[in-house]
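Asks: Take a look at the following structure, please.
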Amino acid sequence: MAFSEGIVDALDPVRLRLLVEVQRQGSISGASDVCRMGQPSATKHLQTLEAAVGEKLVERNGRASQLTEAGEVVAAHGLRVLDTFEGMQEELRSLREAESGTLALAASTTPGSYVLPSILQCFADRHPRVDVDVVIGSSTWVAERVARRDVSLGLAGEIDFPEGLVAESFLDDEVVGIAAPDRLKLRRGRASLKQLADKTLLIRERGSSTRGVSERYLARSGFRSAKRWELDSNEAIKRSVAAGLGIGFVSKRVVEDELARGELVSFQVEGAEPMRRSVYLLRPDGREPTPSERAFIETLCSCCATSVAGCTVDGS
């Protein structure tokens, strides 16, 4: 297959990264900051890229910039080229260094605090030369980070996932209602809507899978809370509920210890189905996992007795 004379200039990783970042940041100055170069140098690189492909790629409007239709095409293919380069470097590095480097993970609050630690313990035992960086946020935030390729892999609860990633269920989770002891009169572990109507509902922040799932189930049952308080962590909800400030809905994994000690009681809403959701492994779409990512996926499969793409071990 014959290629144009400018293909070498077009495949320059620095220029492709700049174009992708202009798309993300909305300006050449923002892209140059991310790529750690001066704006004049960034502008020259982009002009060279435009000359190489023979198309105008960036429209400048004052301080803001956006990609042309041709720019969108080049950026989409450029991102795949950059992923290929990154995968090649990772595999070569693995050959040289006998599997080492850094694996960047993002996890939402519940799997990040109550599922990931045991997986990482297994991973560290099996792959001691690989360092791991973990960031924690809401499920929506995690999905966005993975789709943008800011991190290698993600663990998140059930939400409407954005384009640009592959989401594979690997764990089943139950969301339960929690209350301080003696605050509710439960019948076979269930609370009536009438009992709950005057209670303050303590909920997670927007973007939380726990919040989205519980709101969906509660809406189906006809539940409407008298008052809502928004808290940004499971720990804050647990402590507030234990103090008698209201009721909350969290993953059962989050309150196993408190339930065992009698500090909280769990319940289901009368007339509502049990609140169940999936926890997902997220990875960028359009590229194969690197060796360290495959190693993590295989560890997850064996620890969670599951099977997802990229897993080559028997998780049974």
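The values are calculated or read from the model by the stated rules, or taken from the named source; none is laboratory data. No experiment lies behind these values; they were computed from the predicted model shown. Every residue, glycine as well, gets a Cβ built from its backbone with ideal geometry; the counts of neighbours run over all protein chains shown. When the accessible area is computed, the model is the full protein with side chains, heavy atoms only, and any ligands, DNA or RNA have been set aside. Shrake-Rupley method; radii C 1.70, N 1.55, O 1.52, S 1.80 Å.
Asks: Nearest 10 degrees, 0 to 90: what angle lies between the long axis of helix 13-25 and the longest principal axis of the chain (Cα atoms)?
Replies: 50 degrees
Asks: Let me ask you something else. For the chain, with only Lys/Arg (+1) and Asp/Glu (-1) charged at the beta-carbon, what is the dipole magnitude about the Cα centre, in debye rounded to 20?
Replies: Computed charge dipole of the chain: roughly 1560 debye.
Asks: Given a Förster radius of 30 Å and the C-beta distance between CYS122 and ARG206 as r, what FRET efficiency does 1/(1 + (r/R0)^6) yield to the nearest 0.05?
Replies: It comes to 0.35.
Asks: Nearest-5 percent of antiparallel DSSP beta bridges in the chain?
Replies: The antiparallel proportion sits near 60 percent.
Asks: While we're on this one: Pairs of lysines 8 or more apart, or on different chains, with alpha carbons under 19 Å: count those in the chain, would you?
Replies: 8
Asks: Same structure again: Tell me, what is the percent relative contact order of the stretch 134-286, built from C-alpha pairs under 8 Å that lie six or more residues apart?
Replies: In percent, rounded to a whole number, it is 42.
Asks: By its C-alpha gyration tensor, with a ≥ b ≥ c as the square roots of the eigenvalues, how is the chain shaped: rounded for a/c under 1.5, else prolate for a/b larger than b/c, else oblate?
Replies: Verdict is prolate for the chain.
Asks: Moving to a separate point now. Summing +1 for each Lys or Arg and -1 for each Asp or Glu, what net charge is found among the other residues whose Cβ lies under 12 Å from the Cβ of ARG80?
Replies: Charge balance in the 12 Å sphere: -2.
Asks: Given a 1.4 Å probe and every protein chain left where it sits, what share in percent of the accessible area of the stretch 160-269 is carbon and sulfur?
Replies: Ligands and nucleic acids excluded, carbon and sulfur reach 44 percent.
Asks: I would also like to ask the following. Under a crude label model (7 Å from the Cα following the beta-carbon direction), how far is GLU163 from GLU55 in nanometres?
Replies: Once both label points are built, they end up 1.6 nm from each other.
Asks: If you don't mind, another one. How far apart, in nm, are two points set 7 Å out from the Cα along the Cα-to-Cβ line at ARG228 and at ARG294?
Replies: About 4.5 nm, to one decimal.
Asks: Taking every DSSP beta bridge with both residues inside the stretch 140-265, roughly what % is antiparallel (nearest 5)?
Replies: Roughly 50 percent of the beta bridges in the stretch 140-265 run antiparallel, per DSSP.
Asks: Which net charge results when you count Lys and Arg as +1 and Asp and Glu as -1 among the other residues whose beta-carbon is under 11 Å from that of PRO162?
Replies: Here the charged neighbours net out to -2.
Asks: Kindly list the residues of the stretch 102-122 that lie in the label zone of ASP150, defined by a backbone N under 11 Å from the point 7 Å along the Cα-to-C-beta vector.
Replies: 106
Asks: If you count only protein heavy atoms with a 1.4 Å probe, what accessible area per residue comes out for the chain, rounded to a whole Å²?
Replies: It amounts to 51 Å² per residue over the chain.
Asks: Same structure, new question: What percent does the relative contact order of the chain come to when contacts are Cα pairs within less than 8 Å and at least six residues apart?
Replies: Computed over the chain, the figure is 19 percent.
Asks: Cα axis of helix 39-53 to longest principal axis of the chain: angle in degrees, 0 to 90, nearest 10?
Replies: 70 degrees
Asks: Less than 10 Å Cβ to Cβ from VAL34, Lys/Arg counted +1 and Asp/Glu -1: what total charge do the surrounding residues give?
Replies: Overall, the nearby charge balance is +1.
Asks: Another question, if that's okay. Sum -39500 (n - 2.57) across every DSSP H segment of at least 4 residues in the chain, then divide by the residue count to get the 222 nm mean residue ellipticity, nearest 500.
Replies: My calculation for the chain gives -13500 deg cm²/dmol from helical runs alone.
Asks: Where the centroid of each part is defined by its Cα atoms, how far is the stretch 196-248 from the stretch 143-179 in Å?
Replies: Here the answer is 20 Å between Cα centres.
Asks: Tell me, in nm to one decimal, what length is gained between GLN39 and GLU273 on full extension, where the rule is 0.36 nm per residue of separation less the Cα-Cα distance?
Replies: Stretched out fully, the GLN39 to GLU273 stretch lengthens by 78.6 nm.
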